[in-house]
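Colleague: I'd like to ask some things about the structure below.
The values are calculated or read from the model by the stated rules, or taken from the named source; none is laboratory data. Model, not experiment: these values are computed from the prediction. Every residue, glycine as well, gets a Cβ built from its backbone with ideal geometry; the counts of neighbours run over all protein chains shown. Note: accessible area is taken over every heavy atom of the protein model, side chains too, but ligands, DNA and RNA are not part of it. Shrake-Rupley method; radii C 1.70, N 1.55, O 1.52, S 1.80 Å.
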Amino acid sequence: MRPFLTQYSQARALVATLWRYRQLIGQMTRREVSGRYRGSILGLLWSLLTPILMLMVYTFVFSVVFRARWGIDGEENKTQFAVVLFVGLIIHALFSEVINRAPALIVGHVNYVKKVVFPLEILPVVSMGAALFQALMSLGVLLLAFVLLNGFVHWTLVLLPLVLLPLVCLTLGLAWLLASLGVFLRDVGQVTGIVTMMLLFLAPIFYPMSALPEALRPWMLLNPLTFIIEQSRQVLLLGQMPNWLGLALYSLVACGIGYAGYAWFQKTRKGFADVL
């Protein structure tokens, strides 16, 4: 009973911290987003142009050069393939941006470590906020392309936040863990780049799961992106309800990882100042 009460109190402390510093998180997220394009002529417009250019490039490479094909309602053409592909790319970009930046979050903000009152645990949350903003821009491009191709959108797209929320929780947990490890092990940043690249090609992004032998398909589900990508395509492109049981199980694991990452971060943060 006592360990459970301790975990419950820590979870409450996390929620209270995020609520208490919500304005600071919002300000830092806006600064993070605007800082990426500071000094450029087009500014924030790049956040919209980038996904458009990506969509065009991937359509050409995988539909023309490699002549890859997906089937959506019996149609097989370049534009439909691009839409299916782009859903997977958005999910991967959201995950990989936060994970790849996590090991350098504390090391890159040494001045915050020296401030006793600064809530270091919000840094991964700020990184996630910036990644979600870019994902939202890409999603807007995706929906516009879908409307131009089909003339409608499925009402099930309103369920997309429920599909993405477990991934956000899991990613934050890993980000807290990696942010802490990055202080003590500087090689972590090199490893995360390799791992996220591997996850890109080991997820059903450039090919459907049906292209794999049946014996290998369960192994692909070990990739944390696979289930979320498949469910996102269901609600966005096919107009189908998500797999609620699978989503509930994924959410349970994601919350556990999120809590474990936060607990590890809080346990090790006292040693940050000594190392830095």
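Colleague: Might you check whether a residue that is open to solvent by less than 60 Å² (accessible area, probe 1.4 Å) and more than 24 Å from Leu237 (Cα to Cα) occurs anywhere in the stretch 137-160?
Modeller: Within the stretch 137-160, none of the residues are open to solvent by less than 60 Å² (accessible area, probe 1.4 Å) and more than 24 Å from Leu237 (Cα to Cα).
Colleague: Among Leu245, Leu252, Leu222, which is the only one that is of a type outside the set (Lys, Arg), surrounded by fewer than 12 Cβ atoms within 10 Å (Cβ to Cβ) and closer than 30 Å to Pro119 by Cα?
Modeller: Selected residue: Leu252, the only one of Leu245, Leu252, Leu222 that is of a type outside the set (Lys, Arg), surrounded by fewer than 12 Cβ atoms within 10 Å (Cβ to Cβ) and closer than 30 Å to Pro119 by Cα.
Colleague: Hey, could you check the stretch 79-134 for residues that are aromatic (Phe, Trp, Tyr) and within 18 Å of the chain's Cα centre (by Cα) and say which is modelled with the lowest pLDDT?
Modeller: This residue is Phe86.
Colleague: Then there is this: Which of (1) crowded, with 23+ Cβ neighbours inside 10 Å; (2) closer than 21 Å to Ala273 by Cβ does Phe118 not meet, given it meets every other one?
Modeller: The failed condition is (1).
Colleague: Checking Ala203 against (1) open to solvent by less than 30 Å² (accessible area, probe 1.4 Å); (2) modelled with pLDDT under 95; (3) assigned to a helix (DSSP H, G or I): exactly one of these is not met. Which one?
Modeller: Checking Ala203 against (1) open to solvent by less than 30 Å² (accessible area, probe 1.4 Å); (2) modelled with pLDDT under 95; (3) assigned to a helix (DSSP H, G or I), the one that fails is (3).
Colleague: Sticking with this one: Any chance the stretch 159-166 includes a residue that's of a type outside the set (A, V, I, L, M), assigned to a helix (DSSP H, G or I) and without any contact (Cβ under 8 Å) to a residue 60 or more places away in the chain?
Modeller: Yes, the stretch 159-166 contains at least one residue that is of a type outside the set (A, V, I, L, M), assigned to a helix (DSSP H, G or I) and without any contact (Cβ under 8 Å) to a residue 60 or more places away in the chain.
Colleague: Moving on to the next point. Assess whether Pro213 counts as being assigned to a helix (DSSP H, G or I), open to solvent by 70 Å² or more (accessible area, probe 1.4 Å) and over 21 Å from Gln80 (Cβ atoms).
Modeller: When the stated conditions are applied, Pro213 does not pass them.
Colleague: Pairs please, first residue from the stretch 10-31 and in contact (Cβ under 8 Å) with a residue 12 or more places away in the chain, second anywhere and of a type in the set (Ser, Thr, Tyr) and surrounded by 14 or more Cβ atoms within 10 Å (Cβ to Cβ), Cβ atoms under 7 Å, 6+ apart in sequence or on different chains.
Modeller: Filtered contacts from the stretch 10-31: Ala11/Tyr259; Leu14/Tyr262.
Colleague: What's the total number of residues in the stretch 8-55 that are modelled with pLDDT under 75 and part of a loop (DSSP other than H, G, I, E, B)?
Modeller: Total meeting the criteria: 6.
Colleague: Is there a residue in the stretch 56-78 that is open to solvent by less than 50 Å² (accessible area, probe 1.4 Å), in a helix (DSSP H, G or I), under 30 Å from Val191 (Cβ atoms) and at pLDDT 90 or above?
Modeller: no
Colleague: Which of the residues spanning the stretch 225-242 are under 16 Å from the mean Cα position of the chain (by Cα) and open to solvent by 30 Å² or more (accessible area, probe 1.4 Å)?
Modeller: Across the stretch 225-242, the qualifying residues are Phe227, Glu230.
Colleague: Taking Gln190 and the conditions (1) open to solvent by 10 Å² or more (accessible area, probe 1.4 Å); (2) more than 28 Å from Met220 (Cβ to Cβ); (3) among the polar types (S, T, N, Q), which numbered condition does it fall short on, given that it satisfies the others?
Modeller: The failed condition is (2).
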